[in-house]
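Bear in mind that the values in this text are calculations on the coordinates, not laboratory data. Quantities reported herein were computed from a predicted structural model and do not represent experimental measurements. Virtual Cβ from ideal backbone geometry, glycine too; neighbours counted across all protein chains shown.
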Amino acid sequence: MTLNGFTGSELGALSYPGIHRVSDRFIHHITQLARPSLSPALAQVIFESEIAQRTMVIVTTERAVLSPFLVAEMRRFGNFWAYQAHDLSFRNALSGLPVRGWGDLVSPARPDEMPWFPPAESGQAHAAISIEVVAHHRAEGSLLVGALAEAFATTGGRANLDVMGMREPLTAMWSRAALTQRVRSQMPKAEMVRAASPDGAFVDLAYERSPQGVIERMNGRLVLGEYGLWASQAVNIAAGILTHLADLCVPVIMTTSLIDVEPCGGQGIRRRHEEVPLAWLGGPMTVRRAEAEVDVLAERYAGRRIGRRAVPSLLVTFPSQAGDPRQQLQRLLTDIELGGRKAAAANEEARPNGDQ
Amino acid sequence: MAISELVILSDREPSFDEWCAAADSVTKGQVVELLGGAWHVLDQDDRPVVTWWASQQIEEPRAAQQAVGQPVGPGQFWTDILLPPDADRGITIAWRLATAIGGTLERRV
């Protein structure tokens, strides 16, 4: 044997066994695994797709359940998921619509097309809180990252995170000290670390230096329990999570939504409840940038001012009793964005001509 | 045409030379290193035979056990393997390597 170095694409895509088919737009990965995960093999397919400037399509059986980390990674790269149904036809796993040609994945549905999903077992739908956090930390020598992830995982007395790593399975023991050491050694931008708990918490953690300190981005999900039993409590739980997290950092922005997942936290192929916004938190910078008065916004959106008096944050919840939560969130974001644009325009107008 | 992901579980890490020896016993070809940390065995006609990733030692086995659906011990080494659709030669290489280092060859669920 001789050793040479290449990317899979340089070898010719078909030479990398994770890539089954290549077209002008797509790279296909076909798997019969019951639980495809963000294994090194699949991460390599996503990487090769990026290098080849194509979109990965994972093709599974209709019983496949994707791991939460794979779902998050595929979402990040805009990948597609198709499955082969029992009648051997292909369908889009998210929409349930038929895929007659792979271009159908990016085309609008035809009027005569009907979604179809394999029948779900009763009790399969589980409620989970999905969270996206951008937070700021002072770059102090004593900073130990990972506190937000632990606080999220241990919501309601659940078990703490126990594993972490870059690819699945996560095999390193969860440790804030080890995480901090890894992140420090990779600054100014650290490679994403993933962590999970035995009680259904899954988080992606990314860190980078900013002029003011360290920016932390955390995306995650926390399985609550059977959808029918937990969905109605999710707004209050989400508000509690955001309030707690805001105490542990300088929040920039935090959003939560209710999602429908499998009991393991992954995503199967079935008709699911739509994602619903639960609660939103704008940190001091976000609120100030929009030149919005926290108290005015709090009153308008039945929100609440939290955090330190001089640098308050705004927490808004979206209970279904107050109307469609998606519309509530949209109104709030539009208001904040418009405020930001008005402030920017006012600043522009205030500039002397010579500054233009 | 499915692609198989296998795992070698062992008490020690297989060396690069042990991988090459196992591969040489099945096919004469070349090993190429892929950007991203994988090694890839091609036969004399440049057809893929087997791909493997650097081993990792398991500190906390919970997720590893779920990935193979059976008990995994802390301290064991986990080596990821990917096979092409024509998997026979790759399975033979992986099985010979697993045997040589006293490990077992498992399938991901």
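Which GluC sites (Glu not before Pro) in the range A:159-219 pass both tests, a DSSP loop state and at most 12 other beta-carbon atoms within 10 Å? Answer in residue order: A:Glu191.
Distances longer than 37 Å among the Cα atoms of chain A: what percent of all pairs is that? Percent of Cα pairs beyond 37 Å in chain A: 27. Counting only other chain Cβ atoms within 10 Å of each residue's Cβ, the peptide B:47-57 averages 4. Helix content alone sets the calculated 222 nm mean residue ellipticity of the protein assembly as shown: runs of n ≥ 4 DSSP H residues at -39500 (n - 2.57) each, divided across all residues, give -8000 deg cm²/dmol. Cα centroids of the range A:80-142 and the range A:183-214: 26 Å apart. Annotation note: trypsin sites (Lys or Arg not before Pro) in the range A:76-174 located in DSSP loop regions with a Cβ neighbour count of at most 13 within 10 Å are A:Arg100, A:Arg138.
Evaluating 6.51 cos²θ - 1.76 cosθ + 1.60 at θ = phi - 60° for every residue in the range A:17-30, the Karplus couplings come out as x, x, 9, 9, 8, 10, 10, 4, 10, 10, 10, 9, 10, 9 Hz, glycine and proline recorded as x. Look at the alpha carbon pairs under 8 Å that are at least 6 residues apart: their mean separation over the length of chain A gives a relative contact order of 14 percent. About its Cα centre, the range A:148-290 has a charge dipole of approximately 460 debye under the convention of +1 per Lys or Arg Cβ and -1 per Asp or Glu Cβ, with nothing else charged. The H on the amide N of A:Ser39, modeled in the peptide plane, is under 5 Å from the matching H of A:Glu168, each at least 5 residues off or on a different chain. Backbone geometry of the range A:244-252 corresponds, through the Karplus equation with coefficients 6.51, -1.76 and 1.60 at θ = phi - 60°, to 3J(HN,Hα) couplings of 5, 4, 5, 6, 9, 7, 9, x, 9 Hz, x marking Gly and Pro.
Rounded to the nearest 0.05, what FRET efficiency do A:His273 and A:His86 have when you use their Cβ-Cβ distance and R0 = 25 Å? That pair, A:His273 with A:His86, gives E of 0.55. Close amide H pairs (under 5 Å, H built 1.01 Å from N) link A:Val65 with A:Arg35, residues at least 5 positions away or on another chain. The antiparallel fraction among DSSP beta bridges confined to the protein assembly as shown stands at about 85%. The amide H of A:Gln32, built 1.01 Å from its N in the peptide plane, has B:Ile3 as neighbours under 5 Å, considering only residues 5 or more places off or on other chains.
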